[in-house]
Each structure stands twice: as C-alpha cells, then as structure tokens.
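Worksheet for the structure shown next.
The values are calculated or read from the model by the stated rules, or taken from the named source; none is laboratory data. All values derive from a computational prediction rather than experimental measurement. Virtual Cβ from ideal backbone geometry, glycine too; neighbours counted across all protein chains shown. The accessibility values were calculated without ligands, DNA or RNA, using every heavy atom of the protein model including side chains. Shrake-Rupley method; radii C 1.70, N 1.55, O 1.52, S 1.80 Å.
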Amino acid sequence: MLNLKEKIAFNHYYDEAPEDQIARIKRIKADFGSDLMMVAHHYQKDEIVAFADARGDSLKLAQIAAQNHTAKKIVFCGVHFMAETADILTTDQQQVVLPDPMAGCSMADMANPFQLTKAWQTITDRYGDSIIPVTYVNSSAAIKAFVGQKGGVAITSSNAKKIMTWALKQAKHLLFLPDQHLGRNISLDLGIKPEEIGLWHAQQDYLEADQPDKLRVILWNGYCSVHQQFSVDNVKRLRQKYPDVKIIVHPECAHEVTAAADFVGSTSALINYVDQAPTNTRIAIGTDNNLVGRLKAKYATKQVMFLNPYSCACILMNRIDLPHLAWTMDQLAAGKTGHVITVDPQTAYWAKKALDKMLQLSL
Ligand code: 13P
Ligand code: SF4
C-alpha cells in the first residue's frame, strides 16, 4: 500500500497526458524484453488490453502462469484472486505485480476462511465425510487452500461442467462456493434436480433446504454484482423488439436469465460465439461492458448489443487503468517492485493442490 507521500505523488499520474504514459509503458516493456510479461483478463479496459502479451479468461490466465517460467515479472492486469493464482502457479523466481492492489472481486470477498470453517463443521456434522468442497477460482487463496486441504478442487466457468461431473462422482455431496449462480446453473445442467440443491447462508450459518437429506449440492450464497444486473425482463424486452436476436450470457447470471438465453458460456466461449456467428446476426450479450464494447467494435458486420444497456462494467477490474499501469512500469524501470502479490508458502501449498487438480482435469 502507498503511504500518504506516495499517494500524493501517484495522483500526478492523472494529470499526465495519456500519450506520454503510453509511450513510456511501451518503452519500458521493450527494455525488459522477455523478462517481463503482461497479461490481461478480457474484462480489462481497451487502454490496458492494448499492451497485453496475452489476453484470456481466468482459465487461460491460470494456464499461462503455470506454463511460463521465463518472465521474471508478470504484470497482471486483472483482479486480486487471479494474481494470487498466478503467484501460486509460478516459480519462486517470478514476481506477480498487480497495478492496483485494490482491484479485488466482490464475489471472492463473500467467502472467508472463518465462515467456511464454521460452515464445514455444520455441514460435515450432518453429512459426515461423504462431501467434498469445490471452489470457483473467484475466491481467495485462503479459501482455495481450505478446499485443497479437504481433497477438493477449483473450477473456472470454462471447465465447470467437466470438473463438477468429476466431483459428483467422488462424493455423495458437494459444497460449491462462492458463486451460487454458477453452481446452480452447472448443477441443473448436469441433471441435478432443484430439490437436490440447497443454499448455505454464510452470514446466518443456515442451510436452506426443503429436504436436507436429499441434497447433492450445497451452494454458498455468493454472487457477482456485475452479472446480477441482467434480468429476464431485459431478455423479454429485447426479444419483443428483435425477434431474431440471440441472447448469450455468462453462467454467473441468475438461473432464470440463463434459462431464457440462447447460449451460456465463459468469457472465452461468449467471444467464440460472436466470432463464429454469421454476418448480420443480432447478438445481445450479458457480461461485463468492457468486453461487450470491444466485441461491438471488432465485429462491426454483426449487430452486437448490450443485454442491459444500463449495466455497469466491473468497477474492480476497472481499477487497473493507464495511470496505474504507467506508475507500475515506472516503478519497475526504477528497480522497485510495484505491488507484488505474494501468497504465503503454507497457503500456497494447499491452494496449489486444488488448482493443480483443476488444471489436470481441464486437459
Ligand atoms: P471467466 O472465468 O469467464 O474469465 O470469468 C471470470 C470472472 O470474473 C467473471 O466475472
Ligand atoms: Fe468479481 Fe464479478 Fe468483477 Fe468477475 S465481474 S471480477 S466475479 S465482481
């Protein structure tokens, strides 16, 4: 974190001409050569994505981190849990730098180890050891470590179906956290009945279920504040206006929305859908605005639109901007570290178990 003097110095970055920052970032990046790699999640702003050596969804970014052993510095343009994952999967000689450490994820913050320990106690008291935990990668390293220690696994939205299928074969019951919507969408997709899905209220330590003995999957009550901005009403209005419209959404949207959509997929799958669609196809997308705006511009021969034109982009992803990136590159050029994200070895050891299992099962 910056002290007051450093904060005042940082504020000058907002007064500087963007062209100067762009030129400096390019020069410093070129000076570092293969010692520095810059990666960006698809939800990053255009001004950031423009510099990225690799762009991807959370699975791809985790795979890149696991495979690259040359870059000494990885400037990670994404959110905190993704940078933690990169730190866990890279070697001790590599440093992961997040341009703004305040770029978190509100969903990841909806589950902490204290709550999970209490939940696990209550749930295992009822179901014994015939349960394993499954965590969405959108969770802290500490949550992943808990899951790894209990023999569980991590998932992303692009491998969720495959890994949930595997997990359902390993144990009679699953605890899925922190995103209830992704968990519900995948479970229903895999044929789990609604009455076999319960909801764990983490703030009240309470399991909501009509028939607890029937449960196969217990969902944590977390959600994404970006994807909950899409509603069935948005879908209905667009279908009324444009009967030929294809509605495509991310699986973090509520089940009523995914059920009303034509296609549900991770950020990479949504991009692929637009790419493959014939010219003139009208496609409304329910995911982060930075990505939808970029697809609109790139595929000008297709009618790409926002599912909810009034929705906000992910404000946490948006914390990474040109001034933060320029500041980070200046720090690195001056031999300083920038905001290095480090997971302590004990947490990293167990979290890696859950992540390695995920990467292996994703092949
Ligand atoms: P992806 O796994 O599709 O990249 O999603 C990450 C995310 O944070 C979506 O909100
Ligand atoms: Fe987290 Fe949602 Fe932002 Fe993704 S879009 S980083 S889940 S708050």
Item to check | Residues of the stretch 54-83 that turn out to be over 17 Å from residue 314 (Cβ atoms), assigned to a helix (DSSP H, G or I) and either open to solvent by less than 10 Å² (accessible area, probe 1.4 Å) or within 14 Å of ligand 2 (Cβ to nearest atom) (or both), as a count | outcome: 3
Checklist entry - Identify, please: which residue in the stretch 31-53 is open to solvent by 10 Å² or more (accessible area, probe 1.4 Å) and free of Cβ contacts under 8 Å to residues at least 40 places away in the same chain and is, among those, nearest to ligand 2 (Cβ to nearest atom)? => result 52
Next on the checklist: On the basis of being assigned to a helix (DSSP H, G or I), acidic (Asp, Glu) and within 16 Å of ligand 1 (Cβ to nearest atom), does residue 109 make the cut?
Outcome noted: yes
Next on the checklist: With touching a residue at least 24 places away in the same chain (Cβ under 8 Å), over 23 Å from residue 243 (Cβ atoms) and either touching a helix residue (DSSP H, G or I) at 6+ places or on another chain (Cβ under 7 Å) or open to solvent by less than 20 Å² (accessible area, probe 1.4 Å) (or both) as the only criterion, which of 295, 291, 307 stands out?
Outcome noted: 291
Checklist entry - So which helices (runs of 4 or more DSSP H) are wholly in the stretch 244-354 and hold at least 1 residues that are among the hydroxyl-bearing types (Ser, Thr, Tyr) and more than 14 Å from ligand 1 (Cβ to nearest atom)? => result 322-333
Next on the checklist: As an exercise: evaluate residue 158 against (1) at pLDDT 95 or above; (2) within 16 Å of ligand 2 (Cβ to nearest atom) and give the number of the one condition it does not meet.
Outcome noted: (1)
Next on the checklist: With the requirement that a residue be assigned to a loop (DSSP other than H, G, I, E, B) and within 19 Å of residue 52 (Cβ to Cβ), what does the stretch 90-104 give you?
Outcome noted: 90, 94, 98, 99, 100, 103
Checklist entry - What pairs come up if the first residue lies in the stretch 215-242 and is open to solvent by less than 10 Å² (accessible area, probe 1.4 Å), the second is among the aromatic types (Phe, Trp, Tyr) and modelled with pLDDT under 95, and their beta carbons are under 9 Å apart, counting only those six or more places apart or on different chains? => result 215/127; 218/127
